[in-house]
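Participant: Can you keep this structure in mind? I'll have questions shortly.
The values are calculated or read from the model by the stated rules, or taken from the named source; none is laboratory data. This one's a predicted model, so the numbers in the text were calculated from it and none came from an experiment. For neighbour counting, all protein chains shown are included, and Cβ atoms are generated from backbone atoms with ideal geometry for every residue, glycine included. SASA here: full protein model, heavy atoms, side chains in, ligands and nucleic acids out. Shrake-Rupley method; radii C 1.70, N 1.55, O 1.52, S 1.80 Å.
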Amino acid sequence: MITYILDIFKGIAVVSMAMLFLCCQDNYKRVGEEAKKEIYPQGIAKNFVLTYTEIPEKIGAEDNGSSEVLAVLSGPVRNDFENLIFPYQTFPEGLLVEIFNEKNEKTTIEADYGIYYGATTIVDLQGNVMIKGHDGKELETPQLYYDRGNEWAFTQEKFKFTNPEDGTVMDGEGMDIKKDLSFLNAHKTYGLMLIKESEDD
């Protein structure tokens, strides 16, 4: 009998708790300043090409002041949120960055999605990120941060680095690398694999 009464009290307690949780659900519709504000870009560019150039510091009287191309950024769509307190730009359909060194040798960076934070000069690249150096070196990773100010890239994700100079492929997790792939600091590696040379070589 006592067990039966205890079971009844347990049942009542469970029902009471369920009713309490149902009563505490937030069904309040927020309006005015409480409502979540939609953020829209102040501008949208389609099939854009942005060229970053630099003019030599010393220009003579007869110098025409020709500029040097440092980088070219292109892609299908660029959303401009530069009017916000923390300004940024998004590249929702992917982007291609072409970087040139003093010898005009080109390194390319591709990604499916990108965010550029103007205040920090950091570019967040996401989805099938691929860096290709002028010397054939390649880096593949799902996400990469590129620091334009220091000309370095870094990630905590897994990566694959192909180096045709010494015929190796390195798999690892977490690394930072110079923009032209000339120096790589791997945090964790899973070993090296030799690239099989073709019979034509």
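Participant: Starting from residues that are open to solvent by less than 40 Å² (accessible area, probe 1.4 Å) and among the small types (G, A, S), keep the ones in the range 66-116 and report whichever is nearest to the chain's Cα centre (by Cα).
Facilitator: Taking the candidates together, the pick is G114.
Participant: Tally the residues that are in contact (Cβ under 8 Å) with a residue 24 or more places away in the chain, assigned to a strand (DSSP E or B) and either within 25 Å of E82 (Cα to Cα) or of a type outside the set (A, V, I, L, M, F, W, C) (or both), restricting the search to the range 130-154.
Facilitator: Filtering the range 130-154 for residues in contact (Cβ under 8 Å) with a residue 24 or more places away in the chain gives 131-139, 144, 146-149, 151-153.
Okay, now just the ones that are also assigned to a strand (DSSP E or B), so 131-132, 138-139, 144, 146-147, 152-153.
Then keep just the ones that are either within 25 Å of E82 (Cα to Cα) or of a type outside the set (A, V, I, L, M, F, W, C) (or both); that gives 132, 138, 144, 146-147, 152-153.
Adding up the residues that qualify gives 7.
Participant: Quick one: which of G167, G149 is exposed (fewer than 15 other Cβ atoms within 10 Å of the Cβ) and either aromatic (F, W, Y) or out of contact with any strand residue (DSSP E or B) (no Cβ under 7 Å at 6 or more places or on another chain) (or both)?
Facilitator: Values: G167 fails: either aromatic (F, W, Y) or out of contact with any strand residue (DSSP E or B) (no Cβ under 7 Å at 6 or more places or on another chain) (or both).
Answer to the check: G149.
Participant: Here's a follow-up. Write out, first by first residue and then by second, each pair whose Cβ atoms fall under 6 Å of each other, whose residues are 6+ apart or on separate chains, and whose first residue, in the range 75-89, is over 22 Å from I109 (Cα atoms) and touching a residue at least 12 places away in the same chain (Cβ under 8 Å) while the second is open to solvent by 30 Å² or more (accessible area, probe 1.4 Å) and aromatic (F, W, Y).
Facilitator: These pairs meet every condition: F81/Y88.
Participant: Which count do you get for residues in the range 170-198 that are open to solvent by less than 80 Å² (accessible area, probe 1.4 Å), hydrophobic (A, V, I, L, M, F, W, C) and either in a strand (DSSP E or B) or within 14 Å of V129 (Cβ to Cβ) (or both)?
Facilitator: 6
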